[in-house]
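Contents: one structure, followed by commentary.
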Amino acid sequence: MNTDCIAIKRDLEKKYDIPFSVNYKKEYNDPIYIIVPENELEELFEVRLSFRQNIRLIIEIQPQKYAAGMIDDIQHAGMEKRVVFLKYLDLFMEKKAKVEVYINQQSRDMRKPSSWDGDWEKFGIRATRIMAGEMENDTQVSTAVEWAGISVGMMLALLNVESSDVKEKRYLEGGVQKALVNKYERNPANRELCLAVNGYLCKICGFDFEQVYGGLGHHFIHVHHIKKVSSYENQYYLDPTTDLIPVCPNCHAMLHRVDPPMDPEELRHLMQDMNREQETNDAEIGSNKD
């Protein structure tokens, strides 16, 4: 395995906490990365990232040889999973990629409920993005890492990637809310989508771990669930791009110093007030010294 494959593999396994195999080959001198969640029975999916003449990136996502069960799971994914999947499709387009989903070899608009009906025998996703000029400022491997993470997250959004399900009848109301919030925050597909859209700076204080700690702080941040789950009377469908935000551990701890947790905007205003007060005190001390 070459160093580029190792970098992609490490990034995916850190994000999603499952093992991946990453292979590299060339077709007509164009590099191709083939990414698969490790499974002996070939029942999951394959992501292929192809760099065509260093100008165009092609992403192809296909089921593996014996993935009929996975295709059935995708088709019958609940509405909460579908919402996250569609947000990933939006992210592809926001990043200037043309993306199409194929059901039985026909392009479908997955925002239409009817697209999820019928008998699914085949499933696939294809995305293309023009990279002309951008690769000069970005290495091929970092581009592969970015798009591999998003592509894998989009697929895992439709599958069962959580370690355990929350059964509300086992908990008192406070316990249910806490368990659900933890589930949303720790779901790797939700987390990756949140960070892909919102970045890795703390949304409250602006702290940048990579700027302060260098490579050690690269892509390190906590994710916080903004709204109280108990505030929703009907079925709650999480939008990771707006309901989750990146926060540093200090701000995250302060949000949870009260019960229910403080609204992030309230904490942001509190910090601004404290900073203004400190600036005023510093100015008074400076004038007294003069």
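Listing for the model above:
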read-out: Selection count where residues are modelled with pLDDT under 95, among the aliphatic types (A, V, I, L, M) and open to solvent by 60 Å² or more (accessible area, probe 1.4 Å), scope the stretch 244-269; value: 1
read-out: Residue under evaluation D11, criteria (1) exposed (fewer than 15 other Cβ atoms within 10 Å of the Cβ); (2) among the acidic types (D, E); (3) under 29 Å from T241 (Cβ atoms), criterion not met; value: (1)
read-out: Test: residue in the stretch 73-96 that is aromatic (F, W, Y) and loosely packed, with under 15 Cβ neighbours inside 10 Å; value: no
read-out: Residues (β-branched (V, I, T) and within 27 Å of G199 (Cβ to Cβ)) located in the stretch 88-115; value: V99, V101
read-out: Within the stretch 203-217, considering residues that are out of contact with any Asp or Glu (no Cβ under 6 Å at 6 or more places or on another chain) and in a helix (DSSP H, G or I), the one surrounded by the most Cβ atoms within 10 Å (Cβ to Cβ); value: F209
read-out: Every residue from the stretch 186-202 that is in a loop (DSSP other than H, G, I, E, B), surrounded by 20 or more Cβ atoms within 10 Å (Cβ to Cβ) and not polar (S, T, N, Q); value: C202
read-out: Residues that are more than 24 Å from W120 (Cα to Cα) and assigned to a strand (DSSP E or B), drawn from the stretch 47-56; value: L49, S50, F51, R52, R56
read-out: Q177 vs. criteria touching a strand residue (DSSP E or B) at 6+ places or on another chain (Cβ under 8 Å), polar (S, T, N, Q) and at pLDDT below 95; value: no
read-out: L49 under 22 Å from the mean Cα position of the chain (by Cα), within 17 Å of K9 (Cβ to Cβ), crowded, with 18+ Cβ neighbours inside 10 Å and in contact (Cβ under 8 Å) with a residue 24 or more places away in the chain; value: yes
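Residue-wise test of (1) in a strand (DSSP E or B); (2) more than 23 Å from the chain's Cα centre (by Cα); (3) surrounded by 14 or more Cβ atoms within 10 Å (Cβ to Cβ); (4) small (G, A, S).
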{"site": "V22", "(1), (2), (3), (4)": "yes, no, yes, no"}
{"site": "Y33", "(1), (2), (3), (4)": "yes, no, yes, no"}
{"site": "V36", "(1), (2), (3), (4)": "yes, no, yes, no"}
{"site": "E42", "(1), (2), (3), (4)": "no, yes, no, no"}
{"site": "I58", "(1), (2), (3), (4)": "yes, no, yes, no"}
{"site": "K65", "(1), (2), (3), (4)": "no, yes, no, no"}
{"site": "G69", "(1), (2), (3), (4)": "no, yes, no, yes"}
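The values are calculated or read from the model by the stated rules, or taken from the named source; none is laboratory data. It should be emphasised that the depicted structure is a prediction, and the values quoted were computed from it without experimental measurement. Using ideal geometry, Cβ is built from the backbone for each residue, glycine included, and neighbour counts are taken over all protein chains shown. Only protein heavy atoms, including side chains, enter the accessible area calculation; ligands, DNA and RNA are left aside. Shrake-Rupley method; radii C 1.70, N 1.55, O 1.52, S 1.80 Å.
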